[in-house]
Every structure is written in C-alpha cells, then in structure tokens.
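Quick note: the coordinates plus some simple rules give every number you see, no bench work behind them. What you are looking at is a predicted structure, and each value in this text was computed from that prediction instead of being measured. Cβ sites come from the backbone with ideal geometry, for glycine too, and all protein chains shown count toward neighbours.
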C-alpha cells in the first residue's frame, strides 16, 4: 500500500537522503515537500531542497518554504556538520525546481484537511512548521493518518549530552507536537545511530553508476568527514531517511509504546525527550518510540531507491 506523506525538512545531507528515499520507494508518495529553518537558515534549506528536487527530477511535487525561526528562541544551526552551504560534497547547478507561493504551514493544513486519514506527516527537522499548523488549525490532529518524526532520543543527545538537534532547536514546537493527541512515532538517535553509511554502503551506491549515485556518494563523503571531525564517527549516522523507512516498511523499525515529554526549562536538559516506558496507571502513552532498525534491510531499501531515480543531466 502506498502512503502519502508530507516531508517537512531542513536539508542538510541526511534530509537530502530522506527526500531521495521517499522519491525512489514505491510504498511512499510525496504529497509535498516543505522546508523549515534548522540545519541552516530557511533560505539555504529551501535552496537545498530545490537542488535535490532538480537533481532527482522531482517536478510534480509542490515545494513550499515555511518558518524561518523557532517559535520563541533564536535559531541554532548545524554548519559544523553540514558545512557552509548545507549540501557540500556535490557541485550544484542552478536549480530549476521552484518554490510555490503558498506558505508551508498553509499547504500542510490544506492537504491534511482535504484528505482525512490519508496524509502522514514526516518531519525531519525542527518541528516549527508542524506546531504552527496545529496552532492555526487544531483539527489536523484528527485528520492526519499519523506523524512519524526524526528527532529525540531516550538515551542520549547529539547537540548536548541530553538533547537531539531537531528537538533542541525548537523545544516548544516539539512539546506541542508530542501533546497533540495524534498517532505519533518518534524515530530518535537510538535508531538512527544504527543506520551508518559504511564504506561498503558507499561502494554499493557508487556501483549503481548513475550521476545521482555519484552525487549521493559525494554528499555522504562530506557528511562522513564532518561527523568524523566532530564526533569521531568513521561511518556517518544517516538519521532522517530512517523516518521515511518506518513509513515505507514499518517492520524494519521496532518500536515500543511510551510517554514522551519535552524538557523546556532545564539548565542542562533543554530539549531532552524524557521517555517513560513504564506501563503504569499514571502513565498515559503518547508515542511509539523507535528502539532498533534492521540496518541491512534499510540499506537495501535505500540503494534500491537511488537506483530507481533517473538523474537530471543538468543538475
């Protein structure tokens, strides 16, 4: 069964991989791509989404720009991981895919309200757009099929010892999303740290022999070098496509029911996703929380997806 998704992202290398996986996987249909400030400022994340869409020939999916700053806090970006342009590792031509005039928040509301029970929201950046859509039209909480987000963790952080980047950037937005009452799955660092782009994986992608495959290898190579410099990780964790994989093949990602609260005020724990797996009367679950991924099956899915996408010669 094909699942229609809105991919809300902040490209970023791993967001680019999420776009490509969604495009090349038959079980997923991109209803829209929306951008938000996070890994970089909104102008760069939107430019990068245009670049990826041009590269992959994604001309039939609306692309809309969204919120340029978190709800109440200054924007924190991740140039140390994604470089000064956000998608280094490939030489980009001028993109030919353009952004529609409609704001991302309005597009999200419009698509969800027009197709009750059909749209899955897949946020892979800070949750600002999703929280704003909820604020503007609370009924979307009853109209989405589900929310499958990349963010959070129940064991560790990456931007701080306690907090994962997407939640840390806009914890107020994350708190609104986790308490909205809709079906929600959190694919956090506990899962994504199992999806590593090893040298063998890069060789498999390169062996496809397409221009797109070469671009992916170049981007992942830069991403590997930055993660090695910052974290000592020789094979980069490819976070965001894991959320798309959960939608496409739920059996690849094991999940467990839990209560997730977002820490807003802690001096050392801002943005922490406090996860309670206890099944007690006083604990009401509000999320399915990813606990593991079949990394072999994930990379088979990803490589097959890249192989299905033709490369634009001018991208």
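Here the chain is treated as an ellipsoid with the same Cα gyration tensor; its semi-axes, largest first and in whole Å, are 27, 22, 19. Which FRET efficiency value, to the nearest 0.05, is calculated for residue 98 and residue 261 with the Förster distance at 45 angstrom and r the Cβ-Cβ distance? In this case the efficiency is close to 0.65. Highest mean packing first, where packing is the average number of other Cβ atoms within 10 Å per residue, the peptides 90-99, 148-157, 105-114, 3-12 line up as 3-12, 148-157, 105-114, 90-99. Spin-label pair residue 228-residue 135: with each label point 7 Å from Cα along the Cα-Cβ axis, the two points sit 4.2 nm from one another.
Comparing Cα centroids, the stretch 23-93 and the stretch 258-315 end up 19 angstrom apart. With both labels modelled 7 Å from their Cα along Cα-to-Cβ, the residue 284 to residue 72 distance reads 2.2 nm.
Principal axis analysis of the Cα atoms in the stretch 200-315 yields extents of 57, 33, 26 Å, listed in decreasing size. Summarising the strand pairing of the chain, around 30 percent of its internal DSSP beta bridges are antiparallel.
In terms of its C-alpha gyration tensor, the stretch 105-209 has an oblate overall shape, because the principal axis ratio a/c (a ≥ b ≥ c, square roots of the eigenvalues) is not below 1.5 and a/b does not outweigh b/c.
Over the stretch 249-315, the reciprocal of the mean inverse Cα-Cα separation, the Kirkwood hydrodynamic radius, stands at 15.3 Å. Calculated on C-alpha atoms, the gyration radius of the stretch 1-134 divided by its Kirkwood radius gives an Rg/Rh of 0.94.
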